[in-house]
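Below is one structure; the comments refer to it alone.
The values are calculated or read from the model by the stated rules, or taken from the named source; none is laboratory data. The structure presented is a predicted model; accordingly, all values stated were derived computationally and were not measured. FYI the Cβ positions are ideal-geometry reconstructions off the backbone, even for glycines, and counts take in every protein chain you see.
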Amino acid sequence: MEPSVSVLLVTHNSCQHLPTLWKDLEAQTWRNLDVIVVDNASTDSSLDFIRDHPLKASIKVLPQSENLGVTGAWNIGARETRSKWVLLISPDCRFPADLIAGLVKRAEAAGKAIGKPDLIGGVTPQLLWKGAPGAPRSLPPHVRPLQKGLPQGIDRNGETFGYHGACVLLSTEMVRDIGGFDTNLFFGGDENDTALRAHLKGWHFIAAPEVSVEHPYEVRQGSRSSQTLLLRSTSVWYLLLKHAGITLSWGSLLKESIHHLFWQRRLASPRFLLSELTWFVRKAQDIRMARLDMRRQWASRSEAKE
């Protein structure tokens, strides 16, 4: 029997993308699936569309009274699933009918190849960035960690460091094993953090280049608002400080983070900088506790190897 899969969608004023998303979901050749929608306080007709357009698969809708961010919404949806796998996918993605089947097949094949079929934490497809001249084809990871003992690039079995949050098939057991997603992280930082914590627990991530998903390659409306800029900036700082000492060896991550921060500074105002400083003061204790927890995990990993 096919392993069960839950498609976890986070919506926030996503109504314009839902008709094509629904068509792609209905076309899936994988039948043992259900859909969980966590709506982050949409003010458009997203919830009306979902109510008026049922799918063949069962749908559970979890409307929120406030926007919890994508990681907060993922945590809520992940707690609701009873499936072996959970597919995180952005509503604005376009994907083929064999998306789920291809990712599950790759997970099973990779598990046998590395001899750890129960420790495949996630499988991510190739992203086809759509909407820009010469838009790239992209496989994970976003960064190539230099930390000893972690995968670098993509090996012959497809094993890699991390995944793309726009579309990834994750093990539900892995998500629960690491305690879910860190809601302090946003805009790519959550992917690196989740992957690192999963590796510390012995999980593996796989790239599936034979499966492709289209994802917009554009600056979205509101992505340069002061609130979004603050979220991006503080997410980068939080990731670097949480994994201080480890991230210093990730040359590409540090370089990309600095470039990103300088890009934001060109758009920043004194008010924005004050908001960022306020965030540092408010989050100091959270960062301290997160760093202590990561130190303990790395110490346990070192002891286990010895």
Practice prompt. Working only within the stretch 80-99, note down all residues that are polar (S, T, N, Q) and within 15 Å of the chain's Cα centre (by Cα).
Written response: 90
Item to complete: Considering every residue within the stretch 68-81, establish whether at least one is surrounded by fewer than 17 Cβ atoms within 10 Å (Cβ to Cβ) and over 24 Å from residue 121 (Cβ atoms).
Response: no
Practice prompt. Would you mind stating whether residue 64 is of a type in the set (S, T, N, Q) and either free of Cβ contacts under 8 Å to residues at least 40 places away in the same chain or at positive phi (or both)?
Written response: yes
Item to complete: Could you tell me whether any residue of the stretch 50-65 is touching a His at 6+ places or on another chain (Cβ under 9 Å), assigned by TED's automatic domain parsing to the domain that holds residue 130 and either of a type outside the set (Lys, Arg) or at pLDDT 95 or above (or both)?
Response: no
Worksheet item: Of all residues in the stretch 84-110, how many are free of Cβ contacts under 8 Å to residues at least 40 places away in the same chain and of a type outside the set (A, V, I, L, M, F, W, C)?
Response: 2
Worksheet item: Looking at 8, 18, which is the one that is outside any loop (DSSP other than H, G, I, E, B), touching a His at 6+ places or on another chain (Cβ under 8 Å) and in contact (Cβ under 8 Å) with a residue 40 or more places away in the chain?
Response: 18
Worksheet entry | Extreme residue, nearest to residue 171 (Cα to Cα), among residues of the stretch 100-124 that are of a type in the set (A, V, I, L, M) and within 19 Å of the chain's Cα centre (by Cα) | 120
Fill in: Residue within the stretch 180-196 that is among the aliphatic types (A, V, I, L, M) and either outside the structural domain of residue 93 (by TED's automatic domain parsing) or surrounded by fewer than 21 Cβ atoms within 10 Å (Cβ to Cβ) (or both) present
no
